[in-house]
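Here is the structure we will look at.
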Amino acid sequence: MSTLEIKDLHVSVATEDGDKEILKGVTLTIKDGETHAIMGPNGSGKSTLAYSIAGHPKYTVTSGTVKLDGEDVLEMSVDERARAGLFLAMQYPVEVPGVSVSNFLRTAKTAIDGEAPKLRHWVKDVNSTLERLDLDASFGTRSVNEGFSGGEKKRHEIAQLELLNPKVAVLDETDSGLDIDALKIVSEGVNRFAENKDKGVLLITHYTRILRYIKPDFVHVFVAGKVAESGGAELAEALEANGYEKYLTAAV
Amino acid sequence: MEKVASHLHPEGSYDVSAHSAPTGREEIWRFTPLKRLRGLAADATFAPSATATTWNAPDGVRVENVTGDEAKGLRGISGLVPNTLFGARVLAEVSDTLLVDVPAETELDAPVVIDLDGKDAGVVEAAHVALRFGAHSRATVVLNHTGSATMAQVVEVKVGDGAQVSVVSLQDWADDTAHLTHHQAVVGRDASYKHVAISFGGDVVRMDCNVTYDGPGGEVELLGLYFADEGQHIEHRLFADHNAPRTKSHVTYKGALQGKGAHTVWVGNVLIRKVAEGIETYEENRNLVLTDGCTADSVPNLEIETGEIEGAGHASTVGRFDDEQLFYLRSRGIAEDEAHRLVVHGFFNDLIRKINVPELEEKLLATVEGELAKNVLKDAQ
C-alpha cells in the first residue's frame, strides 16, 4: 500500500518583507498505481509543494497535514521522509564535490534499506540502471552532479528513483531542459518505476510535452498556491490548446 | 635580479644581527600567536634536539645526518636568504643537517620516509634539512612529524633540471607542539616540484613554503590540507616567485575548522616578475567551518609586473556546510551526520587523490575520519 494524502496544506517562506504564503490550502490524494500531473504557470507554487513534501528547511508549513500511509510526514526529518518512502526528483540537483556517484548511491541505498546492499547484485543493478538511462559506465566515478550536463542531471535523478525504489515519487519539472531523446529516456524510467506494484507518482510540470510519454490518471491545474481544477488526461489537452489564461484571470 | 619594492620581499640576510625579533605588528607575523611559539621566532636558546629522527629509504638515495663543512655547504642550496630571525638563526646556529641526496638520473621506486618523532615539548630545538634532487631524478620524500616538540626548522630543497620531485610534510603533532618551519625550494629548468603540506596536530604550526625557479619551464604544484581543532593555530604562507619565463605554479589548499578558538591562516603570495613572460599561475584556498567559534583567514596576493603571461588567477572561500548539499543528500535517506561526513570527505577527496602517494592516502582518509569523530560525528558515537 502507498497513499500520499495532502490536506489543506498552507506553506510560507520568509522574505525580506516578512513571511509570504505560497501554498494556500492544497488538498490532494495519490493512491497506489496512480500518476498525478500537477500543471501550472511559473510562480504558482508547484515547486514549493514538491519541496514542502520533501521537508526543505526554507519552507514553513503553517497548517494542514501530509500523510504517507497514515504516518505524519510533517513530523519527520528530511531523511526520515526519504526512508519512509518519499522521493523527490529535483529540478536543480545539487553538486556534491568529491563524492562519487557510486559512493552516493550505495550510501543512500544503505540508508533507505537499513542495511548495505549485497555487493554483487548491487553493482549489477547500478550498471543496468545507468545503462538503461544511457549513462556511461564511468558515470559512477564522477562527483555527484558536478560538471553534469542538464540531461545527465535529470537522468541521474531517475537512476536514483529506480534504484532507491520509493513508494511515492515527486518529480519536479523533470522535463525541463531536456531534448526529445533525453525526455523519452527519462519518461521510460518513470514509467518503469510506476509499473511496479503499489507506486504513486506526482509529476510536476509546466508543459504538456512530457505527458505524451507519461500518461497521467489525473491532472490538476495549479494556480496561486492551490488546485484550481482537477480532471483526467483530457484536462492536459485543454491546457495545451488554451493555456493557463482562464485560470490566471479567475485568480486575480 | 632586480629588486621589487613590496612587502613580499623584506630584504634577506645571513647575518643574524641584521634581523630583529618580531613584535606581531609586522605584516608577515600579524596572524601568528608569538607567545605560544615559546621564543622560537625570537631569541630562545636552541638546545640539543629531543626529537628522534629515523628513516626508511630505498636503494640509490643517501640519507644522512651530516656535520662540519658538508653541513655548512648545504646552507643556502635552495637560494634561501633568510628574511626572518629564526631562519637566520637556524642557518647560523645549527651545526648539522639532515641530508637527503638523490643523485642525478636516479629514479626511486618508493618514497623516502623520514620520521621525526618529538619526545619533549619542553626542549626548544632547531633543525636544518636539505633535500637535494639531481638533474632528471625522480623521487618522493615524506617528512612525518609526530610527538611533542618545540621546533624551529628550515627545509631547503634543490630540484635539479628536469627532475620530478614530490616533498610531503606531514604535521601530525601532539597537542603541545609548537612548530615554526620554513620550506624553501628552487626548481630547475623544466623540472616539476610538488610540495604537499598536511597539518593536523600541534598547538601552533606555522609553515612558510616558498618557491623560486632556476631557469624556464619549471612547474610547481603546492598542495595543502589542514584541520584545526579547538584552540589550534595552523598557518600556511606560500610564496611562488615567478622569476623565470614559462614557469607554472598551481596552489590548492583546503582546510576544515572545528571547536572554539580554532584558527587557520592561509596567505598565498604570487609574484610575477618582469622577466617571467608566458607564465601561468592559479591559487585556490577553501575553508570549511564546521562549528561556531572558529576563525579562518584567507589572503591571496598577486603582484604582476608583466602582462605577457598565459594566465593568473586565484580563488578563496570560507564557508559552512552548504544547506542545499545537505538537503540533497538527506532527501535520499542519508542521515544528517552521515551527510556531513560525506561532504567533508568529498571536500578533501580530490586533494588527497592529487597527492598521489598511495602509502599516505589511506592514512589521510583515516585521519580525516578521526578528526570528524571529534566534533561533527560526536553526537553519532
Residue under evaluation B:Val289, criteria (1) under 29 Å from A:Phe104 (Cα atoms); (2) buried (at least 22 other Cβ atoms within 10 Å of the Cβ); (3) away from chain A (no Cβ under 14 Å), criterion not met: (2)
Given (1) within 14 Å of another protein chain (Cβ to nearest Cβ); (2) surrounded by fewer than 17 Cβ atoms within 10 Å (Cβ to Cβ), index of the condition B:Glu305 fails: (1)
Top-ranked residue in the range A:47-58 [being surrounded by 16 or more Cβ atoms within 10 Å (Cβ to Cβ) and either over 29 Å from A:Lys246 (Cα atoms) or touching a Cys at 6+ places or on another chain (Cβ under 7 Å) (or both); ranked as farthest from the other protein chains (Cβ to nearest Cβ)]: A:Gly55
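Kindly provide the set of residues from the range B:310-330 that are open to solvent by less than 40 Å² (accessible area, probe 1.4 Å), over 30 Å from A:Ser77 (Cα atoms) and either within 14 Å of chain A (Cβ to nearest Cβ) or not small (Gly, Ala, Ser) (or both), ordered by number. Walk me through it before giving the result.
At the first step, the residues of the range B:310-330 found to be open to solvent by less than 40 Å² (accessible area, probe 1.4 Å) are B:311, B:313, B:315, B:319, B:321, B:325-329.
Filter again for over 30 Å from A:Ser77 (Cα atoms), leaving B:311, B:313, B:315.
Matches in the range B:310-330: B:Ala315 only.
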Among the residues listed as B:Val368, B:Val299, B:Val376, the single one being open to solvent by 10 Å² or more (accessible area, probe 1.4 Å) and either more than 21 Å from the chain's Cα centre (by Cα) or at pLDDT below 95 (or both): B:Val376
The range B:34-73, residues that are farther than 21 Å from B:His145 by Cα, in a loop (DSSP other than H, G, I, E, B) and among the small types (Gly, Ala, Ser): B:Ala42, B:Ala44, B:Gly60
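Find the residue count for the range A:182-192, including only residues that are open to solvent by 30 Å² or more (accessible area, probe 1.4 Å) and in contact (Cβ under 8 Å) with a residue 24 or more places away in the chain. Walk me through it before giving the result.
Filtering the range A:182-192 down to residues open to solvent by 30 Å² or more (accessible area, probe 1.4 Å) leaves A:184-185, A:188, A:191-192.
From what is left, the residues that are in contact (Cβ under 8 Å) with a residue 24 or more places away in the chain are A:184-185, A:188, A:192.
So the answer is 4.
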Residues satisfying the stated conditions in the range A:66-98, i.e. crowded, with 17+ Cβ neighbours inside 10 Å, under 17 Å from the mean Cα position of the chain (by Cα), of a type outside the set (Gly, Ala, Ser) and not in a strand (DSSP E or B): A:Val73, A:Val78, A:Asp79, A:Arg81, A:Arg83, A:Met90, A:Gln91, A:Pro93, A:Val94
Qualifying residue in the range A:225-243 (condition: open to solvent by less than 30 Å² (accessible area, probe 1.4 Å) and either touching a Lys or Arg at 6+ places or on another chain (Cβ under 9 Å) or in a strand (DSSP E or B) (or both)): yes
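Quick one: would you say B:Leu85 is farther than 21 Å from B:Ile114 by Cβ and surrounded by 19 or more Cβ atoms within 10 Å (Cβ to Cβ)?
So B:Leu85 fits the description; yes.
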Any hit, the range A:101-109, residues being within 22 Å of B:Ala335 (Cα to Cα), open to solvent by 20 Å² or more (accessible area, probe 1.4 Å) and away from chain B (no Cβ under 11 Å): yes
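Every residue, every condition in (1) touching a helix residue (DSSP H, G or I) at 6+ places or on another chain (Cβ under 7 Å); (2) of a type in the set (Gly, Ala, Ser); (3) crowded, with 22+ Cβ neighbours inside 10 Å; (4) farther than 30 Å from A:Glu5 by Cβ, yes or no:
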{"residue": "A:Leu130", "(1), (2), (3), (4)": "yes, no, yes, yes"}
{"residue": "A:Asp134", "(1), (2), (3), (4)": "yes, no, no, yes"}
{"residue": "A:Ala137", "(1), (2), (3), (4)": "yes, yes, no, yes"}
{"residue": "A:Leu163", "(1), (2), (3), (4)": "yes, no, no, no"}
{"residue": "A:Asp175", "(1), (2), (3), (4)": "yes, no, yes, no"}
{"residue": "A:Ile180", "(1), (2), (3), (4)": "no, no, no, yes"}
{"residue": "A:Glu195", "(1), (2), (3), (4)": "no, no, no, no"}
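Taking the stated definitions as given, is B:Ser166 more than 28 Å from B:Val16 (Cβ to Cβ), over 19 Å from the mean Cα position of the chain (by Cα) and buried (at least 19 other Cβ atoms within 10 Å of the Cβ)?
On the way: more than 28 Å from B:Val16 (Cβ to Cβ): yes; over 19 Å from the mean Cα position of the chain (by Cα): no; buried (at least 19 other Cβ atoms within 10 Å of the Cβ): yes.
Judged against the criteria, B:Ser166 is not a match.
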Every residue from the range B:347-361 that is away from chain A (no Cβ under 14 Å) and open to solvent by 40 Å² or more (accessible area, probe 1.4 Å): B:Asn356, B:Pro358, B:Glu359
Subset of the range A:24-46 (residues that are surrounded by fewer than 24 Cβ atoms within 10 Å (Cβ to Cβ) and among the small types (Gly, Ala, Ser)): A:Gly25, A:Gly33, A:Gly43, A:Gly45
Neighbours by Cβ (under 7 Å, 6+ apart or cross-chain): first from the range B:337-354, in a helix (DSSP H, G or I) and among the acidic types (Asp, Glu); second open to solvent by 30 Å² or more (accessible area, probe 1.4 Å) and modelled with pLDDT under 95: B:Asp337/B:Asp379; B:Asp337/B:Ala380; B:Asp350/A:Pro97
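The values are calculated or read from the model by the stated rules, or taken from the named source; none is laboratory data. Computed from a predicted model, the values in this text were never measured in an experiment. Cβ coordinates were reconstructed from backbone atoms using ideal geometry, including for glycine residues, and neighbour counts include every protein chain displayed. When the accessible area is computed, the model is the full protein with side chains, heavy atoms only, and any ligands, DNA or RNA have been set aside. Shrake-Rupley method; radii C 1.70, N 1.55, O 1.52, S 1.80 Å.
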